[in-house]
Amino acid sequence: MSGGKKDLFIGIFIIGFSIFIAFSALKLGFGSVNLPGPGFIPFFAALFLLILSFLLFFNSFKKRIVFSEAPKSTVQYGKIIFIIATLIGYSLLLDLLGFLFITFMLMFVLFLMESRKTLVSAIMGAFATTISVYILFELFLGVRFPKGVFGFWIK
Amino acid sequence: MSYFDSILLGFKISLQIENVFFCFVGVFLGNLVGVLPGIGPLATISLLLPMTFYFSPVTAVIMLAGIYYGSMYGGTITSVLVNIPGEPGTIVTCLDGYQMALKGRAGPALGIAAFGSFIAGTLSLFGLMFLVVPLSSVALRFQAPEYSALILMGFSILIYMASGSKLKAGISVLIGVILSCGGIDTLSGKTRFDYGLMVLKDGMGIIPLAIGLFGVSEILVNLEESKSYTVIKTNIRSLLPSLKDWSVSKWAILRGTLIGFLLGIIPGGGAIVSSFVSYTVEKKLSKYPERFGTGVIEGVAGPESANNSACSGAFIPLFALGIPPNVVIALLMGALIIHGVTPGPLTMKEHPEIFWGTVASMYIGNVMLLILNIPLIAIWVRILKVPYYILFPLILLFCLIGTYSINNQTDELIVMIIFGVVGYLGKKFDFEMAPLILAFVLGPIFEQSFRQSLIISDGNFSIFITRPISGVLVVVAFFLLLGSLLSGLKKKRTVLAR
């Protein structure tokens, strides 16, 4: 994506965001100049943000005239999306499946994803990491991790 | 309490076994993450912030500060041996450091960087000790209008000093301010921007935000392309620079120390800017400027001293005014606030052990770093070879655990992931994230003091101009914003002309 197109998209997004915040701030109560309410600063911050995002939006047209198309990106977005989805899955299932099981699964997937190593080495790496982290954080530092449905055997 | 008594108190605290241990942990980790190009002090401090809840405030700051200045030492190793800066503050070291390594002089390059950093770190601590006390007594005269004007000036400096687009830096600052407005309003008691979500009831937490923006996003960016590093094969016989090396480097070290210290104080300045300024100054003052970039030892000594000295200077606005000049210090401020200590002019009176303990620990930490750096260089080089496919799952796991352990809430993990994506997209769309997080930390102080000023003056905005200190600060802020606008226009005109 060229610099101009990037700025155009992000400009539109921030315009929408600033309008949304400005209306939310007005609902909170703007107050008055001698007694500013809880929406006072967010409203003005959103207003200035709206002005700057309009500038970004209009600047993007000038950039598009000046520059030709940027070379095609070789970024593997599939990998990035996969990591984000894995992290979301981990967050949603942590309470249900418990720290030990879900962390082992996460580490197994991540080790296997990039290293292209054998299943056995990925399993061993995931197992060693999960146990070490559990000992360090739960037993030494006192962090209480969720035990989940597989945690019946943990005291 | 006299200076002597205060320094004694500092050493008494920093030499407690627990504090010496965590100072070592901090500088060791700092050195380690400085060596590893994929992770920096910011992500490390964000990750370890929740762990410090189990420590006393002074131990927490000693460890986190150790990571900060320790990373500057570590970053040099990759700059010299791999030509990849481990830290943004060591970018400029690549220019002459790597060339020295190619000529078989990696040892003196690393040695002068370590000794220069040690000298700069030690000298700048004197500056820190003697400047904070008088500055904090001036700051005691600050009231709401002065605070809001000071923070306004801080925002303007952030925009002015932005390395990329000033317009985008301004947008980052405003988004940071808006995000900081969430949670309970201290003046009216009303809950704001929670949208019925429990996780937003108390406002956005700094830890999920920082870990997301700097930890997760960094990994996503690094995963885009498989990186491999080639460490040059050089025989490091001795790290001790020769007498000739010392004689040409001594003034560069002293100048770098002064430049770093002064630029470290300015919001938005810090290690990166000071190392570049030091390099430029050395080149200008040199009898042979044309040789810079070909392996000149002053080109390493000056910037390396400057980046380390900037780390000490950055503590001045934090302890004297309660204003963090850069994002790492903002995280340290966040750590202190979580511990119930609000840094500012009263810190010296109310918590002298925190300030003096931290300063004394920095002396000890600098000695530790010198010892760690020189004999352990072979180990650091070996660490450089750890493949990223082993590192990144571990870093991601620490991101998740670090965020979860604050309140044991899985919702905060989602907030962290969202900001990880925001940080990643920010990098793709050329937005700097440092102004956002600084504005997020400063936002609540700005909002409260701004609204209080308007209440005091009965809605009269002239209160910010008629009071001498705030008047000067507002004028400076205005000129900085004007400067940013003009430089933006000039840049655009140049581009259009091309």
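The values are calculated or read from the model by the stated rules, or taken from the named source; none is laboratory data. Small disclaimer: the values here were computed from a predicted structure and weren't measured. Reconstructed Cβ throughout: ideal geometry from the backbone, glycine too, with neighbour counts over all protein chains shown. Note: areas computed on protein heavy atoms with side chains; ligands, DNA, RNA excluded. Shrake-Rupley method; radii C 1.70, N 1.55, O 1.52, S 1.80 Å.
Between B:LEU370, B:THR52, B:GLN452, the Cα set farthest toward the positive side of the dipole of chain B (charges on each charged residue's Cβ, about the Cα centre) is that of B:LEU370.
On alpha-carbon atoms, Rg over Rh for the stretch A:80-153 using Kirkwood Rh? Write out the running numbers ahead of the final one.
Numbers: Rg = 12.7 Å, Rh = 12.9 Å.
Over the Cα atoms of the stretch A:80-153, Rg/Rh equals 0.99.
Taking the centroid of alpha carbons for each part, the stretch B:334-368 and the stretch B:1-67 are 10 Å apart.
Output needed for the stretch B:95-254: three equivalent-ellipsoid semi-axes, defined as square roots of 5 times the C-alpha gyration tensor eigenvalues, in descending order, whole Å. All intermediate terms of the calculation are to be shown ahead of the outcome.
Working: eigenvalues 385, 146, 42 Å².
So the three semi-axes of the stretch B:95-254 are 44, 27, 15 Å.
Under 17 Å from a label point set 7 Å out along the Cα-to-Cβ vector of A:PHE54, the amide N atoms of the stretch A:9-31 belong to A:11-23.
Here the gap between B:LEU376 and B:THR466, fully extended at 0.36 nm per residue and compared with their Cα-Cα distance, gives a gain of 26.6 nm. Summarising the amide proton neighbourhood of B:ILE184: residues at separation of 5 or more, or on other chains, whose placed amide H is nearer than 5 Å comprise B:ARG192, B:GLY203. Counting only DSSP H runs of at least 4 residues, each contributing -39500 (n - 2.57), and dividing by the residue count of the protein assembly as shown, the helix-based mean residue ellipticity at 222 nm comes to -23000 deg cm²/dmol.
Residue by residue along B:173-183, Cβ atoms of other protein chains within 10 Å of the local Cβ number 6 on average. Positive contributions from Lys and Arg (+1) and negative ones from Asp and Glu (-1), summed over other residues with Cβ under 14 Å from the Cβ of A:TYR90, come out at -3.
Quote the charge dipole size of the protein assembly as shown about the Cα centre in Debye, to the nearest 20; the model charges only the Cβ of Lys and Arg (+1) and of Asp and Glu (-1).
On the way: 44 positive and 29 negative charges, 370 e Å.
Value, rounded to 20: 1780 debye.
Using only the Cα atoms of the stretch B:401-468, what semi-axes does the equivalent ellipsoid have when each is the square root of 5 times a gyration tensor eigenvalue? Give whole Å, largest first. Let's see the in-between values first.
On the way: eigenvalues 259, 63, 14 Å².
Those come to 36, 18, 9 Å.
Evaluate the Debye formula for the stretch B:374-494 with equal point scatterers sitting on the alpha carbons, no solvent, and hand back log10 of I(q)/I(0) at q = 0.12, 0.18, 0.23 Å⁻¹, in q order, two decimals. Result of the Debye calculation: -0.86, -1.10, -1.34.
Ligands, DNA and RNA left out, the 1.4 Å accessible surface of the stretch B:123-189 is 68% carbon and sulfur atoms. Restricting the stretch B:438-488 to chymotrypsin sites (Phe, Trp or Tyr not before Pro) that sit in a DSSP loop and have at most 16 other Cβ atoms within 10 Å of their own Cβ leaves B:PHE461.
Going from the chain on its own to the full set of protein chains, the stretch A:3-41 has these residues losing 30 Å² or more of accessible surface (heavy atoms, 1.4 Å probe, no ligands, DNA or RNA): A:LYS6, A:ILE10, A:ILE14, A:PHE17, A:ILE21, A:LEU28, A:VAL33, A:ASN34, A:PRO36, A:PRO38, A:PHE40, A:ILE41.
Compute for chains A and B the buried accessible surface, both sides summed, probe 1.4 Å, and express it in Å² to the nearest 100.
On the way: alone 11370 and 21730 Å², together 27630 Å².
Interface area, both chains combined: 5500 Å², rounded to the nearest 100.
Put a plus charge on the Cβ of each Lys and Arg, a minus charge on the Cβ of each Asp and Glu, and nothing anywhere else: the dipole of chain B about its Cα centre is then about 1540 debye. Of the solvent-accessible surface of the stretch B:1-74, computed with a 1.4 Å probe and all protein chains present, 78% belongs to carbon and sulfur. The orientation-averaged shadow of the Cα convex hull for chain B, equal to a quarter of the hull surface, comes to 24.5 nm².
Volume per residue of the convex hull around the Cα atoms, evaluated for the stretch B:260-375, comes out as 115 Å³.
What does the charge add up to near B:PRO343, with Lys and Arg as +1, Asp and Glu as -1, over the other residues with Cβ less than 15 Å from its Cβ?
Charge balance in the 15 Å sphere: -1.
For the protein assembly as shown, the solvent-accessible area with a 1.4 angstrom probe is 42 square angstrom per residue.
Once all protein chains are placed together, A:LEU96 keeps about 100 Å² accessible to a 1.4 angstrom probe. With all protein chains in place and a 1.4 Å probe, the accessible surface of the stretch B:329-437 carries 68 percent carbon and sulfur.
When N counts the residues of the stretch B:40-118, how does its alpha-carbon radius of gyration compare numerically with 2.2 N^0.38 Å, as a ratio?
Normalised by 2.2 N^0.38 Å, the Cα Rg of the stretch B:40-118 equals 1.30.
The residues packed around B:GLU353, meaning those with a beta-carbon under 15 Å from its beta-carbon, carry a net charge of -1 if Lys and Arg are +1 and Asp and Glu are -1.
Please report Rg over Rh for the protein assembly as shown, where both radii come from the alpha carbon positions and Rh follows the Kirkwood definition. Before the final figure, lay out each step's value.
Values: Rg = 24.7 Å, Rh = 25.8 Å.
Ratio of gyration radius to Kirkwood radius for the protein assembly as shown: 0.96.
Counting each pair of different Cα atoms once, what's the Kirkwood radius of the stretch B:381-436 in Å, rounded to one decimal? Please report the intermediate quantities before stating the final value.
Numbers: mean 1/r = 0.0756 Å⁻¹.
One decimal place: 13.2 Å for the Kirkwood radius.
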